[in-house]
1. Within region 267-286, which residues are in a loop (DSSP other than H, G, I, E, B) and either under 18 Å from CYS219 (Cα atoms) or away from the ligand (no atom under 12 Å from the Cβ) (or both)?
2. Out of the residues in region 334-343 that are more than 9 Å from the ligand (Cβ to nearest atom) and either within 16 Å of GLU249 (Cα to Cα) or surrounded by 19 or more Cβ atoms within 10 Å (Cβ to Cβ) (or both), state the one that is modelled with the highest pLDDT.
3. Can you pull out every residue in region 101-137 that is of a type in the set (Gly, Ala, Ser) and touching a residue at least 12 places away in the same chain (Cβ under 8 Å)?
4. Please state which of the following conditions ASP247 fails to meet, knowing it meets all the rest: (1) within 12 Å of the ligand (Cβ to nearest atom); (2) buried (at least 16 other Cβ atoms within 10 Å of the Cβ); (3) within 20 Å of LYS326 (Cα to Cα).
5. Tell me which residues, restricted to region 344-355, are more than 10 Å from the ligand (Cβ to nearest atom), surrounded by 14 or more Cβ atoms within 10 Å (Cβ to Cβ) and either in a strand (DSSP E or B) or small (Gly, Ala, Ser) (or both).
6. Looking only at residues in region 250-266 that are aliphatic (A, V, I, L, M) and more than 15 Å from the ligand (Cβ to nearest atom), which one is modelled with the highest pLDDT?
7. Return a yes/no flag: does region 314-332 have any residue that is surrounded by 13 or more Cβ atoms within 10 Å (Cβ to Cβ), within 12 Å of the ligand (Cβ to nearest atom) and among the hydroxyl-bearing types (Ser, Thr, Tyr).
8. For the subset of region 197-234 comprising residues that are surrounded by 12 or more Cβ atoms within 10 Å (Cβ to Cβ) and of a type in the set (S, T, N, Q), which member is farthest from MET332 (Cα to Cα)?
Amino acid sequence: MKKPTLKDVLGSVSSFLLFFLTVGFIVSCCMMLFVRILADTMDLTITPDNVGAAAKVTFWNVVLITFLFKFADYIRRKIMVERPTKIITEATEKIMSGDFSVRIKPMESSGMEGFNQIAMAINQMAEELSSVETLRTDFIANVSHEMKTPLAVMQNYGTLLQAPDLSDEKRMEYAKGVTDGSRRMADMMTNILKLNRLENQQIYPQVSEFDLGEQLCECLLQYENVWEKANIEIETDIAEDVKVKADAELLGHVWNNLFSNAFKFTPSGGTVTVSLTATDHHAIVKVTDTGCGMTPEVGAHIFEKFYQGDTSHSVQGNGLGLALVKRVIDIMQGEIGVESAVGKGSTFTVRIRRA
Ligand code: ADP
């Protein structure tokens with residue numbers, strides 16, 4: 001906060017003096033008028049000496065009283081206004097310089113409710129900013145980490161491909177390694193871009209009415225090769241004629257992610273069940289698998305960006321799928337939850353509004 005200069009101090013003293021003298025003069029004039037009316041009505045004789053003495057006493061009395069009041073007000077302002085303003089200004093200056101750890105303690109004295117509300121809002125803002133900052137740095141670290149693995153794999157296969165006298169079989173195998181690695185990176189980039197656009201609200205939901213059961217069946221059928229190859233049984237219990245008004249493409253991402261996870265984490269011989277039920281206002285989709293399941297600790301983090309449970313390190317993925325799913329469901333003001341038990345399987349339940 002700027003320190004007052006001598007000119008500022010002299011300025012405020014002269015404005016105070018002007019204020020006291022004006023108030024003293026006005027009140028003295030009022031008193032004189034009062035005394036004059038009193039003297040006229042009571043038939044008293046007042047000499048100019050009497051008036052002069054009374055005016056002087058009244059004037060100085062009023063000056064003294066206003067001075068005392070002004071002084072008391074000055075102290076009150078120092079404690080009740082300037083001190084909290086200084087605390088709040090210092091905190092915001094720290095936030096502006098990038099220190100998001102700053103928090104303002106609530107001020108105890110009465111009459112501070114307004115300042116405490118501002119302080120609470122600033123504390124909340126600092127908290128949000130610090131979590132955004134952590135997310136940003138984590139995000140960069142995660143993207144770099146996730147890109148390193150497929151890049152290293154591709155480099156490796158690239159080097160192997162340079163060897164002379166490679167058999168056709170080996171060349172095909174190494175070339176496939178390069179293609180798989182690049183596909184993995186492209187998938188990750190697509191997911192990052194989608195998530196980014198969803199988070200920055202650059203995607204405006206294109207709402208249309210469609211049959212949810214049909215959409216679920218279409219999405220599921222895309223995995224026919226996968227479940228046949230992995231020998232996974234499919235069970236469906238899909239209510240007919242459940243119409244929803246939503247963005248079909250965004251909702252398609254949800255089902256694709258849930259289905260691909262269900263197949264990814266279910267071993268051969270397992271079962272994946274998809275069910276759809278509906279009430280007047282909501283549609284409820286459940287995707288159940290008999291796969292590896294997850295612990296409650298893992299379950300608590302699966303919707304975070306780049307989070308992968310221990311089990312997924314052996315299978316492909318980048319931990320963005322469920323973050324994307326959650327974002328879409330949030331945009332649709334729906335709900336998503338998971339129930340899971342290690343070794344038994346998981347059930348993801350999605351509840352969306354029909355209109
Ligand atoms: P990814 O599958 O690429 O790792 P996701 O965001 O789709 O990323 O999932 C995050 C984590 O949630 C996974 O790494 C896995 O640990 C857990 N997970 C998701 N779906 C299932 C499932 N059906 N069964 C067991 N674990 C799952």
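The values are calculated or read from the model by the stated rules, or taken from the named source; none is laboratory data. All of these numbers come straight from a predicted model, not from anything done at the bench. So basically every Cβ, Gly included, is an ideal-geometry build from the backbone, and we count neighbours across all protein chains shown.
1. Taking region 267-286 as the starting set, the residues that turn out to be in a loop (DSSP other than H, G, I, E, B) are 267-270, 279-281.
SER268, GLY269, THR279, ASP280, HIS281 - these are the residues of region 267-286 that are in a loop (DSSP other than H, G, I, E, B) and either under 18 Å from CYS219 (Cα atoms) or away from the ligand (no atom under 12 Å from the Cβ) (or both).
2. ILE336
3. Filtering region 101-137 down to residues of a type in the set (Gly, Ala, Ser) leaves 101, 109-111, 114, 119, 121, 126, 130-131.
Residues satisfying the conditions are SER101, SER109, GLY111, ALA119, ALA126, SER130.
4. Every condition holds for ASP247 apart from (1).
5. We begin by selecting, within region 344-355, every residue more than 10 Å from the ligand (Cβ to nearest atom); these are 344, 349-355.
Now restrict to residues that are surrounded by 14 or more Cβ atoms within 10 Å (Cβ to Cβ): 349-354.
Once the filter is applied, which keeps residues that are more than 10 Å from the ligand (Cβ to nearest atom), surrounded by 14 or more Cβ atoms within 10 Å (Cβ to Cβ) and either in a strand (DSSP E or B) or small (Gly, Ala, Ser) (or both), region 344-355 yields THR349, VAL350, ARG351, ILE352, ARG353.
6. Step one: filter region 250-266 for residues aliphatic (A, V, I, L, M), giving 250-251, 254, 258, 262.
Now narrow it down to the ones that are more than 15 Å from the ligand (Cβ to nearest atom): 250-251.
Working: LEU250: 87, LEU251: 93.
Out of the qualifying residues, it is LEU251.
7. So far as region 314-332 goes, no, none of its residues is surrounded by 13 or more Cβ atoms within 10 Å (Cβ to Cβ), within 12 Å of the ligand (Cβ to nearest atom) and among the hydroxyl-bearing types (Ser, Thr, Tyr).
8. Residue satisfying both the conditions and the ranking: GLN222.
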